[in-house]
Amino acid sequence: MNVRHVLVLPDRDAAEEVAQEAVDRFGLPEEPQLVRDALAGEDDAEDAQWLVVVEDPQERLDTGTLDGLAAEYEGWLEAP
């Protein structure tokens, strides 16, 4: 089963840094996907969160560690 972790970050810069940090810390085979998540009813880029989608096919990543990484950038790990 392929587990997918979603980290929510406040802006694109933070999301890009978290994605690179995840590759470096966890030895991911590929960089996580970045997705812009506009808040409901908002078209302004200032009101967008960014998602970092981390694929975990072997279920080896610890959710507490991922949440801690996101928290370092004022984000969080979305509950499944």
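The values are calculated or read from the model by the stated rules, or taken from the named source; none is laboratory data. Predicted, not measured: the structure shown is a model, and the values here were computed from it. With ligands, DNA and RNA removed, areas are computed over all heavy atoms of the protein, side chains included. Shrake-Rupley method; radii C 1.70, N 1.55, O 1.52, S 1.80 Å.
Observations, loosely collected:
- Any hit, the stretch 61-76, residues being polar (S, T, N, Q), part of a strand (DSSP E or B) and either open to solvent by 70 Å² or more (accessible area, probe 1.4 Å) or at pLDDT 95 or above (or both): no
- The residues on offer are Asp13, Asp43, Asp24, Asp47, and the sole one that is open to solvent by 60 Å² or more (accessible area, probe 1.4 Å) and at pLDDT below 85 is Asp43.
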